[in-house]
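The values are calculated or read from the model by the stated rules, or taken from the named source; none is laboratory data. Bear in mind the structure is a predicted one, so any value in this text is a computation, not a measurement. Methodologically, a virtual Cβ is constructed for each residue, glycine included, from the backbone with ideal geometry; neighbour enumeration extends over all protein chains shown.
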């Protein structure tokens, strides 16, 4: 890195120092020069067909790798197209950097209307300031390097999106690079805590945990975002108490771990809710309180310890400037009693179908549809003792269905568990596979597939092989129990399995559980992406969705 260098070259070098080797994007007129500079030497450009998929893919990449996701799009029509996916990243604390092209200096000065412009030339910047923690226009070669550095350091510290809008005539301009930036290493540094407060919070927490008879641990989404999964799992094993995750953080703890009890929420199995009521102390590590699949919250300060948003609350004491990462590490340095409590895993599924339980996979002659619960049993059976897979759940019924999937290994499950934007699943899964090499299985409804599903046509050229379980019920099925005008929930009947073949993958259409298992085994052996179209009943839903809808209807 030189003291004077072209802005495009500086940005490529800076991102390389931050560990960025892949950039997701779509080329466009106001970003073409920057697109070329970023893809020349240091980064590989991964393109899709529509900007929402670019944002979802960058999000999935960042979630799964624990690194910075980067998306590069053009101004206006491109940047505005991606706002929804960036809003999801903001809501769920995912660190992505959006790099957009922008009008040149003369266009700004003369106030000329620019194609792709909305209300004002600055409109896109203002919009992104609502869904990022730092947003800047790069228009001055004297301050360009500092602005870029500040945006990236801020988004990483906060683990939320940041935004850079780079004038198209700035890309090849020479900029000044301060010594502090040239001599620095990676800009990706997490915030540090107040050491004295961390020590005191850990000491008081250890005393409370050691006195407890029936403690319980909730593991939340911040364990993912602040890169502390390993330490949190070690802490859980030291405590020896049952571990539960809210739906937003499913996957933060391996689902096949002997301490894992399942996904906790107001509609979870009774045994789990009873165990929460019985706990004399609940340790909550990075759990965001949300209205979607919210978890029973001990109201008494004497029963709870909460670590969230750089603060730890122990009984009636609050410790500020204490990050989850430092707090967890400090707790591991304390002397902790291992309670060695009995733990049983729970889900919402009924008993497995007879054919799966007894191992006799004979195809029923009268079956025309598969129950969602049976799909989940078959998937769990297929995943048992298999490694190298991750499960990605789309929004809608599949978000609730995913709560009952059990896949082994670390960081093996992903979903937009709170923002819940339909369309995340397939491009998000593709970003995950590009980043980790793990093969995703996507739970997706037909309605969500019609939003971003065709992006799977890019899988062959990117060398990835996702498996899509597409639940075909002919519409927005999750709303059928509560909507009177059923016609508004219909979607066109696409030939999904045939489309997959035309796009270079494999397609299967199944109407029974045994056929589904056979299709999964076939997909497992295939070197291409596979779409398995599962015919389900028009009104059938996952067990957890039924609970949630019944409760919502009463409200």
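What to note about this one:
- Test: residue in region 432-441 that is closer than 30 Å to residue 81 by Cβ, part of a loop (DSSP other than H, G, I, E, B) and either at pLDDT below 95 or over 17 Å from the mean Cα position of the chain (by Cα) (or both): no
- Checking the stated criteria, residue 477 turns out not to satisfy the condition of being closer than 22 Å to residue 25 by Cα and under 24 Å from the mean Cα position of the chain (by Cα).
- Listed here are the helices (runs of 4 or more DSSP H) enclosed by region 467-555 that have at least 3 residues being within 17 Å of residue 454 (Cβ to Cβ) and assigned by TED's automatic domain parsing to the domain that holds residue 447: 496-502.
- Yes/no for residue 418 being assigned to a loop (DSSP other than H, G, I, E, B) and in contact with a helix residue (DSSP H, G or I) (Cβ under 6 Å, 6 or more places away or on another chain): yes
- Residue pairs whose Cβ atoms lie under 6 Å apart, sitting 6 or more positions apart in sequence or on different chains, and linking a residue in region 267-295 that is at positive phi to a partner that is modelled with pLDDT of 95 or more, are 286/324.
- So residue 457, is it touching a residue at least 40 places away in the same chain (Cβ under 8 Å) and either surrounded by 18 or more Cβ atoms within 10 Å (Cβ to Cβ) or under 20 Å from the mean Cα position of the chain (by Cα) (or both): no
- Inspection of region 357-368 finds no residue satisfying the criterion of being crowded, with 22+ Cβ neighbours inside 10 Å and either free of Cβ contacts under 8 Å to residues at least 24 places away in the same chain or under 24 Å from the mean Cα position of the chain (by Cα) (or both).
- The residue that is farthest from residue 87 (Cα to Cα), among those in region 127-155 that are touching a residue at least 60 places away in the same chain (Cβ under 8 Å) and touching a helix residue (DSSP H, G or I) at 6+ places or on another chain (Cβ under 9 Å), is 141.
- Of the residues 445, 423, 431, the single one that is at positive phi and crowded, with 24+ Cβ neighbours inside 10 Å is 423.
- Of the helices (runs of 4 or more DSSP H) contained entirely in region 312-400, those carrying at least 2 residues that are farther than 17 Å from residue 467 by Cβ and modelled with pLDDT of 95 or more fall at 324-332, 372-383.
- Flag for residue 508 being touching a helix residue (DSSP H, G or I) at 6+ places or on another chain (Cβ under 9 Å) and surrounded by 19 or more Cβ atoms within 10 Å (Cβ to Cβ): yes
Every residue, every condition in (1) assigned to a loop (DSSP other than H, G, I, E, B); (2) surrounded by 21 or more Cβ atoms within 10 Å (Cβ to Cβ), yes or no:
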site	(1), (2)
241	yes, yes
248	no, yes
252	yes, yes
255	yes, yes
258	yes, no
261	no, yes
266	yes, no
273	no, no
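- Scan region 69-91 for residues that are crowded, with 23+ Cβ neighbours inside 10 Å and under 18 Å from residue 430 (Cβ atoms) and the total you get is 10.
- Test: residue in region 134-157 that is part of a loop (DSSP other than H, G, I, E, B), in the same structural domain as residue 73 (by TED's automatic domain parsing) and within 30 Å of residue 60 (Cβ to Cβ): no
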